[in-house]
Each structure stands twice: as structure tokens, then as C-alpha cells.
Amino acid sequence: MKVLLIRPPIKIKKYELISVGVPMGLLYIASPLEKNNHSVKIIDLFFEGWKEGPIKIGDDNYFTMSDEWIIKKIKEFKPNLIGISLMFTSQAEEGYKIAELVKRIDKKIKIVVGGAHVCVAVEEVLSKKYIDYACVGEGEKTIEMLANNVKLNKIPNLGYKKNNKIKINQRKFIDRLDSIPFPALDLIDFKNYPSGAALEIVEKPVAIIESSRGCPGDCVFCNAYTILGKKWRARSAKNVVDEIEWLVKNYGVREIQFIDDNVSLDKERMIEICKGIVNRKIKIKWTVPNGIGIWSLDREVLIWMKKSGCYKLNFGIESGNSQTLKFIGKFKQLSNKKAEEVIKIANELGIWTHGFCVFGFYDESLEQIIDTLNWTIKLDLDSAGFSIVTPYIGSKLYDYVKKKGCKINLKELRPMLASYDTKYFKKEEITELQSRLYSIYFKKRLLNYLKFKIFCMRMKRMFNKASWIILEQNFLRLIKIMGRRKIEYCE
């Protein structure tokens with residue numbers, strides 16, 4: 001079968017930094033298809049649009065290609081099956097437009113969609129007459145069986161229509177992640193992608209690796225479990241290091257970005273991965289753009305991380321207010337003492353540290369937000385980010401704010417844009433408050449850097465490329481955010 005996989009167009013706000021990373025989900029799906037002798041092609045409309053330059057629509061930068069270009073590519077390949085990635089609710093309409101365009105070209109082409117949005121809105125997705133199938137969960141086995149013409153009712157994770165009724169088959173997770181072939185990088189212009197899963201890239205080419213799936217956590221704002229489940233499943237350390245070595249030897253990769261939600265949940269496995277990199281003398285830099293659990297780290301694992309090439313760690317600090325942490329679902333996991341200890345060790349080892357914070361919860365007061373700001377300033381982090389909490393469909397937060405009567409614009413769900421009014425703020429005020437938080441944070445941190453002992457410690461790592469790239473990206477992010485109008489909520 002000829003299978004075409006498509007990443008839809010993407011709209012980026014003028015104050016958002018652009019990260020054009022490789023479409024890893026499609027690459028993982030393509031590998032088993034190729035292994036089964038299917039002919040596979042990938043069209044990444046985000047990447048192609050980035051190469052051509054964005055189309056300006058108001059304040060948005062729209063990265064896409066013309067309908068004529070898309071039609072030409074589809075007619076040239078003549079696919080039997082097209083898979084479309086719908087990772088974000090804000091991107092769903094773009095995916096629907098592609099599906100509709102395909103059916104105008106040839107109604108016989110079957111269309112399957114997958115991704116986070118599909119998992120939380122499968123009924124809505126399958127109600128579209130131009131969509132034939134929906135993958136509700138991990139897609140590797142599902143798309144492979146679909147391409148192999150297995151009976152629809154025998155394919156796990158598949159949604160389809162029968163006699164004008166929507167059918168959803170039983171969900172199953174892949175327990176043996178080592179069984180999934182390495183991603184089919186040959187299908188894309190891999191080395192010319194400008195970024196990975198994070199904006200900070202200290203070495204190129206950069207590759208993204210998913211070494212584990214699933215999260216046992218219960219954070220109120222997260223809907224990742226809708227795709228990957230709550231059971232943590234991990235690839236073996238050997239399999240992970242094999243992939244890293246394969247990437248270095250075959251593609252000249254010099255940096256790895258682990259996109260796991262819980263890469264270090266098993267401490268011994270994490271150390272084994274690090275030792276494997278060191279023992280095989282693999283020269284790479286690596287980082288964790290999606291974050292890493294502070295509670296899973298100690299001096300031993302941090303030392304091995306540093307030895308194996310780790311240059312930066314992102315920590316989910318979330319909030320500095322105990323009441324907010326309880327609402328989030330992380331009060332028991334995040335200990336102030338543990339956070340200070342881990343950040344101190346990372347700083348001593350020369351690993352850059354960044355804190356993820358969220359604010360803008362429905363019941364969160366100004367005082368609680370200031371607690372987060374002050375706590376983040378107190379922690380000796382190199383930098384911090386203040387994301388506006390986003391009520392993704394499928395999360396507990398979405399259900400909570402809906403019960404409160406909040407009106408949510410699902411097409412504008414972005415961590416840089418408030419999507420509902422809270423008890424204390426209008427959404428416009430929340431968005432503007434974000435700029436003020438960044439302003440105060442960096443002002444206070446800059447003064448702290450100038451203290452003699454801290455200045456000397458950080459100067460030790462300033463004489464390398466990684467440091468200057470990280471500083472540059474932090475500066476660009478600050479400039480983008482500060483370009484928006486500010487209000488004097490905090491001093």
C-alpha cells in the first residue's frame with residue numbers, strides 16, 4: 001500500500017518563538033510501515049511553509065503551502081491511505097481542511113487521523129464526512145494493521161464508522177517499546193530542520209528521542225494520558241543507547257533531546273543510559289525540553305548525566321504556593337528542600353537549570369501568583385518560564401473551568417495566551433501579567449548574578465558555545481514577551 005503521512009499547517013503568534021522540530025510521531029509510524037514493505041512518504045507542511053516563509057494573517061504567521069502545491073504532491077504519489085496528525089486542538093481545523101482537500105482529489109483515498117486532539121474529541125473528529133478512521137492512542141500498530149487490511153473490528157485503538165454509527169475499538173498500549181523500529185529519518189530532510197523539541201540547540205544536527213511513554217502522575221492541567229496512558233513503559237537502556245549510536249553514525253547527530261514525560265523515573269535505568277553513552281565513547285550533548293522530575297534526581301544521577309553530555313535540565317517547579325500545588329496535584333512530589341538541593345548540585349556540576357511555572361488558574365489570587373514569582377526568584381535557577389495554564393480537552397482543568405461557567409476559545413489554546421476569565425482576572429489581564437512576571441524575574445535574577453560567589457560560579461561555564469546559545473534564546477524569549485503591553489500588577 002502507498003501511505004502518505006501529513007503534518008498540517010501551523011499558525012504562530014507574533015510574540016511566539018518558532019520551533020520547527022521534526023515530526024517524530026509520523027516518523028515512528030512510518031518505520032513499521034516500511035518494514036512491512038509499504039511505500040511511505042511524509043509531507044510536513046509546517047517545515048515546507050517555514051522554508052518558503054510565513055504568510056501573514058493579522059498577527060499570525062501562517063506556515064503552509066498552497067492548495068495547488070498539496071494537490072500536486074498527492075497526485076504525484078497516488079496514495080491509498082493518508083494519515084494526518086492532529087496533535088493540538090488549535091491545529092484541528094487545519095487538519096480538517098487537508099482531509100477535505102484530499103477527498104476532492106479522490107474520494108477513494110482513505111483518511112486516518114491521530115494525535116492528542118483525536119484522543120479527546122474522537123466523536124467530533126469522526127463526525128466529519130471526509131474522515132474515515134481515527135487512531136485513539138498510540139499509532140504504530142494501529143496504522144500498520146490498517147495498511148495490512150486487517151478487519152476493522154480487530155484493530156486496537158481504531159475508531160471508524162459502520163452503518164452511520166461510530167465504533168471505537170478497545171484501547172491497547174505497546175508494552176515492548178523496544179519492538180518499535182527506530183524512526184524513518186530518511187523520509188524527511190532531517191539535517192535541514194532548524195530546531196528540535198526545544199529552541200536551545202547547542203550542536204547540530206539535533207535528534208529527538210522518546211525513551212519511555214506514559215505518566216503515573218495526575219496533574220490537573222495534563223491530558224497526555226489520553227494518548228500514552230498512566231502506566232510508565234520504558235525502552236531498555238541498551239535500546240536507547242543503540243539508537244543514539246545509530247543516529248551519530250548514520251546521520252552525524254551531535255545533540256539529543258529526550259521528549260519523555262518521565263525520562264528519569266527509573267534512576268538505575270537513567271544511570272545505565274548515561275554509562276552506555278560514556279562507555280561507548282559517544283560524543284553528544286543532550287537535554288530534556290519537556291522537563292524532568294526533581295524528585296527523581298540526586299547527586300549520583302546528576303554526575304552521570306553531566307559525564308554523558310547533559311548540558312541543561314528543565315524542572316517542573318509549577319508553583320510556589322502550597323494551595324496551588326495541591327490543586328495541580330503535585331504537593332506531595334515537590335519538596336522545597338529537594339528542589340533547592342537538586343538545583344544546587346546541578347549548578348555546581350555546570351548544568352544549566354530552567355524552571356517551568358504555570359499560573360492563571362481559576363481560583364488563583366494575585367498573592368498566590370506572587371508566591372510563585374518569589375519562590376522562583378529564591379531558587380538559584382539560571383532561568384524560568386511563566387506559562388499561562390491551558391485547559392486542554394481531556395484534562396481535569398478543562399472540566400473544572402467548564403463547571404465554573406468559563407467560556408473557552410478552543411482555537412486559541414496556547415501557553416502564551418489566556419483562554420478564560422478567572423475569579424480575579426480578565427483573560428486579557430492574565431496575558432499581560434505574564435509580561436510583568438518575566439520582567440520582575442529577570443531583573444531580580446540579574447541582581448543575584450552580580451553577587452561575587454554566584455558570579456564566579458557561573459563564569460566558569462561561560463566559555464563554551466552552549467552557554468551563549470542558551471543566553472541568546474532566553475534574551476529573544478524575553479524580548480518577544482516584553483513586546484506586549486504591560487500592566488502594573490506587581491512590584
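Values in this text are rule-based calculations from the coordinates and carry no lab data. All values reported here derive from a predicted model rather than from experimental measurement. All Cβ positions, even for glycine, are placed from backbone atoms using ideal geometry, and neighbour counts span all protein chains on display.
Quote to one decimal, in nm, the extra length available between residue 409 and residue 374 on full extension: 0.36 nm per residue of separation minus the C-alpha distance between them.
Details: separation 35, 0.36 × 35 = 12.60 nm, distance 3.09 nm.
Extra length from residue 409 to residue 374 when fully extended: 9.5 nm.
What FRET efficiency comes out for the pair residue 170/residue 446, r = Cβ-Cβ distance, R0 = 51 Å, nearest 0.05? If you can, show how the numbers build up before the last one.
Details: r = 55 Å, r/R0 = 1.07.
Computed FRET efficiency for residue 170 and residue 446 comes out at 0.40.
In the stretch 290-306, which residues have a backbone nitrogen under 13 Å from the label point lying 7 Å from residue 266's Cα in the Cα-to-Cβ direction?
none
Per 0.36 nm of contour for each residue apart, how much would the distance between residue 19 and residue 300 grow if the chain were fully extended, relative to their Cα-Cα spacing? Walk me through the numbers on the way to the answer.
On the way: separation 281, 0.36 × 281 = 101.16 nm, distance 3.26 nm.
Residue separation times 0.36 nm, minus the Cα-Cα distance, leaves 97.9 nm.
Quick one: net charge of residue 139's neighbours, Cβ under 14 Å, K/R +1, D/E -1?
Working: positive: 7, 141, 171, 172, 213; negative: 138, 140, 144, 210.
Cβ neighbours under 14 Å give a net charge of +1.
Which FRET efficiency value, to the nearest 0.05, do you get for residue 340 and residue 161 by plugging their Cβ-Cβ distance into 1/(1 + (r/R0)^6) with R0 = 51 Å? Please report the intermediate quantities before stating the final value.
Numbers: r = 55 Å, r/R0 = 1.07.
About 0.40, to the nearest 0.05.
Rounded to the nearest 10 degrees, what's the angle between the helix 427-449 long axis and the longest principal axis of the chain, both from Cα atoms, 0 to 90?
50
With the cut-off at 29 Å, tell me which of the pairs 151/411; 330/378; 13/443; 128/154; 41/151 have Cα atoms farther apart than that. Kindly include the intermediate steps, with their values, before the conclusion.
Values: 151/411 35 Å; 330/378 19 Å; 13/443 25 Å; 128/154 23 Å; 41/151 24 Å.
Where the Cα-Cα span goes over 29 Å, the pairs concerned are 151/411.
Name the shape class, rounded, prolate or oblate, that the alpha-carbon gyration tensor gives for the stretch 118-269, where a ≥ b ≥ c are the square roots of its eigenvalues, rounded holds for a/c under 1.5, and otherwise prolate holds if a/b is larger than b/c and oblate otherwise. All intermediate terms of the calculation are to be shown ahead of the outcome.
Numbers: a/c = 1.95, a/b = 1.65, b/c = 1.19.
Because a/c hits 1.5 or more and a/b exceeds b/c, the stretch 118-269 counts as prolate.
Classify the stretch 2-168 from the C-alpha gyration tensor, please: rounded if a/c falls under 1.5, else prolate or oblate depending on whether a/b exceeds b/c.
Details: a/c = 1.68, a/b = 1.49, b/c = 1.13.
Prolate, since a/c reaches 1.5 and a/b exceeds b/c.
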